[in-house]
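Some notes on the structure that comes next.
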Amino acid sequence: MQYLNAFWVGGLICAIAQILIDKTKLTPARILVLFVVTGTVLGGLGLYEPIVNFAGAGATVPIVGFGNVLAQGAIKGVDEQGFLGILTGGARAAAGGITASIVFGFLMALFFKPKIKS
Amino acid sequence: MGKRIGKQTVRLEHPVGILASASIAGQKEKDGPLGSDFDVIMADAEWNEETWEKTESKMQKEAVRLAIQKAGLALSDMHYIFAGDLLNQCIGAGFGLRELHIPYFGIYGACSTMIEGLSLASMLIDGGFADHAVAVTSSHFCTAERQYRMPLEYGGQRTPTAQWTVTGSGAAVLGKTVDVPHITHITTGKIMDMGVKDANNMGGAMAPAAFDTLLTHFQDTGLSPADYDLILTGDLGTVGRDVLIDLMQNEGFDITDNYNDGGCMIYDLDTQDVHAGGSGCGCIASVLCGHILPAMQRGEFRRILAIGTGALLSTTSGLQGESVPGIAHLVAISGKE
Amino acid sequence: MQYTKQEYLKYLEQKSPNSPLWKDTIFAFLFGGGICTIGQFFLNLYQNTFSMDSEMARTAVSITMIFLGALLTGLDIYCKLAKYAGAGTLVPITGFANAIVSPAIEFKKEGLVLGLASKMFVIAGPVLVYGITASAGVGLIYFIIKQLGG
């Protein structure tokens, strides 16, 4: 059941993005920005956690979930550190993902060469 | 005087012969319908160079060398070379041709550059300013992608109207003779901008320019499509090709019988996943120099029109929300007499 | 020219083939759902087998998926999947990794500092800029509400 919910919720989020790309001529970069900000706003309003509880990775793996992590982090930051937490909370919660992207990105770039498409 | 006819056309007093031409292409182009026509096929995208920019430079250099060699001439016989490409500051030409020591005019007309070069070179020769001149251009899928679009490994989806940048180069050596296919007329195009903003629909952006130049050519010369065996546009792709046919039809010119587009010819559109067809400076350069001119030499075409089509955009203009201005230059080529 | 600019754009629109919406959307759904299902497998693994709490497990899943996205990008596989998957490979966090790794690999030729490193965020940077800025906005609003009486 967990797997099924992860599949259809995650798939649905991607399908919405695809419809936006095909129908509105929004570029993929804009879609990603839109989705991450949407996730942050939904997370801030406490509306995203129920989706995470229902769909698990179906809600956390899409970039919307990254926005939610940032928002939850900011709220937690304010709870723990007060005003300072506004600036430290979001990035602290997302630190694992950001650092992993940079480190893996760096290593992959050292090891691999780009290839022409056929 | 007497060389200009109509608004934008020049009739050369002494037609300028295309003494020889050479073409270089990549693996995907080899797999296309014209694959066996190219003089040199590169084994891979790198062609033993460190960067793709270096590869593209080498393509221009080797195409020029080969064309001059086929003409039975020496580098030192060349009075001028006209060259350009799609890379910023035309580094394909600037770096590729630096060791050839031929007086160099760098030109930029986006994908119309080959025909622009042929136009200028033949006017110089007809004007008596040169005995021999070369025109060359190139494009490379990998250099164009990284400059205009996304990194190669980026996971993006192309739209159905997008075109595929041809990895290819073509060079032509011009001189004073009519024993070979020769340029008789030149119609220089105006910049046409119909407000198309979609950089993934180049054919649609360039078709009005091709239309304007072609129509002006017929008006200036009094000729009609029936006077030519082939009307060849550079890289309008399927969308631009169909648009051009419509636009000409609306003006009372039926070009369906003898019209084709380099971008539609160079790939097998059904099997090669190139969406609307090929594009790039190297598209018409390699199709013309590899396929059409040798066919004219064999007598397969008597008179043709070659129209180079270019989109004069940059990544900056695109990001700033500008539309895509189009340009199209035309040369009329007759078979050997 | 027989058309005004507006007329031409309208004509061109009708002349240009559209993206195959149904096919694209179904593929995006299947690939996107598939990637999330793989994520769920790791989530279960980390929670059940490695007994991580849910927050830690979620972070570990993100890191795992980013690694997989980065590796498949380096192996020249991710862009081939994306040709069919569209948003299905764009929206999952693996797509974020692809957006970081692909320019890093591409621009290595321009040097390790001004090529690889400085181009790394040329595509993915906006996600961090707007995501983190939005999170500071959420934090600020939450802080104000808390001060007012929460």
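Derivation of every value follows stated rules applied to the coordinates shown; laboratory data play no part. All values reported here derive from a predicted model rather than from experimental measurement. Heads up, the Cβs are rebuilt from the backbone with ideal geometry, glycines too, and the neighbour counts pull from every protein chain shown.
When Rg and the Kirkwood radius Rh are both evaluated on Cα atoms of chain A, their ratio Rg/Rh stands at 1.05. B:LYS197: which lysines have alpha carbons under 22 Å from its alpha carbon, excluding same-chain residues fewer than 8 sequence positions away? Straight-line reach from B:LYS197, under 22 Å: A:LYS23, A:LYS25, C:LYS5, C:LYS10, C:LYS15. By the count of neighbouring beta-carbon atoms within 10 Å, fewest first, B:ILE102, C:ILE123, B:ILE231 end up ordered B:ILE102, C:ILE123, B:ILE231.
Among the residues of C:115-128, the average count of other protein chain beta-carbon atoms within 10 Å of the residue beta-carbon is 4. Sorted from longest to shortest, the spans of the Cα atoms of segment A:5-53 along the three principal axes equal 32, 23, 12 Å.
Ranking request for peptides B:285-292, B:191-198: highest mean number of other beta-carbon atoms within 10 Å first, then the rest in descending order.
Highest to lowest by the protection proxy: B:285-292, B:191-198.
Report the far tail of the P(r) of segment B:1-123, meaning the percent of Cα-Cα pairs longer than 21 Å. Of all Cα-Cα distances in segment B:1-123, 46 percent exceed 21 Å. With a simple spin-label model that places each label point 7 Å from the Cα along the Cα-to-Cβ direction, the separation between B:ARG302 and C:SER118 comes to 6.0 nm. Each residue of segment A:93-106 was assigned a 3J(HN,Hα) from its phi angle through the Karplus expression (A = 6.51, B = -1.76, C = 1.60, θ = phi - 60°), giving 5, 8, 4, x, x, 5, 5, 4, 4, 5, 5, 5, x, 5 Hz with x at Gly and Pro. For the residues of C:44-50, the average number of beta carbons from a partner chain within 10 Å of their own beta carbon is 1. If I build a Gaussian network model for chain C, linking alpha-carbon pairs within less than 10 angstrom, which residue out of C:LEU21, C:LEU43, C:LEU116 has the largest mean-square fluctuation? Looking only at C:LEU21, C:LEU43, C:LEU116, the biggest GNM fluctuation is shown by C:LEU21. One equal scatterer on each Cα of segment B:178-334, no solvent, Debye formula: the resulting log10 I(q)/I(0) at q = 0.09 Å⁻¹ is -0.27. Restricting segment B:211-256 to chymotrypsin sites (Phe, Trp or Tyr not before Pro) that sit in a DSSP loop and have at most 15 other Cβ atoms within 10 Å of their own Cβ leaves nothing.
Here the translational diffusion coefficient of chain C follows from Stokes-Einstein with Rh set to the Kirkwood radius across Cα pairs; for 20 °C and 1.002 mPa s it amounts to 114 µm²/s. The helix-based estimate of mean residue ellipticity at 222 nm for chain B, built from -39,500 (n - 2.57) per DSSP H run of four or more residues and divided by its residue count, is -9000 deg cm²/dmol to the nearest 500. A:THR88 sits among other residues whose Cβ lies under 15 Å from its own Cβ, and their net charge, with Lys and Arg +1 and Asp and Glu -1, is 0.
Taking a sphere under 15 Å around the Cβ of A:ILE75 and counting the other residues whose Cβ falls inside, with K and R at +1 and D and E at -1, yields a net charge of -1. Pairs exceeding 27 Å between alpha-carbon atoms, taken from B:LYS28/B:LYS54; B:LYS28/B:LYS61; A:LYS117/C:LYS119; B:LYS3/B:LYS58; A:LYS113/C:LYS83: B:LYS3/B:LYS58. Segment B:186-229 and segment C:79-150 have their alpha-carbon centroids 42 Å apart. Taking the Cα centre of the protein assembly as shown as reference, the dipole from Cβ charges on Lys and Arg (+1) and Asp and Glu (-1) amounts to some 1080 debye.
The listed peptides B:308-316, B:10-18, ordered by packing as a protection proxy, come out as B:308-316, B:10-18 (highest mean of other Cβ atoms within 10 Å first). Residues B:HIS101, B:HIS329, B:HIS132, B:HIS182 in ascending order of nearby Cβ atoms (within 10 Å, fewest first): B:HIS101, B:HIS132, B:HIS182, B:HIS329.
Please average, across the residues of B:241-252, the number of beta carbons from any other chain that are within 10 Å of each residue's own beta carbon, and give a whole number. Taking the mean over all residues of the peptide, I get 2.
Each of C:MET56, B:MET114 has some number of other Cβ atoms within 10 Å of its Cβ, and from fewest to most they run C:MET56, B:MET114.
Using just the alpha carbons, could you tell me how many Å³ per residue the convex hull of chain B encloses?
About 123 Å³ per residue, rounded to a whole number.
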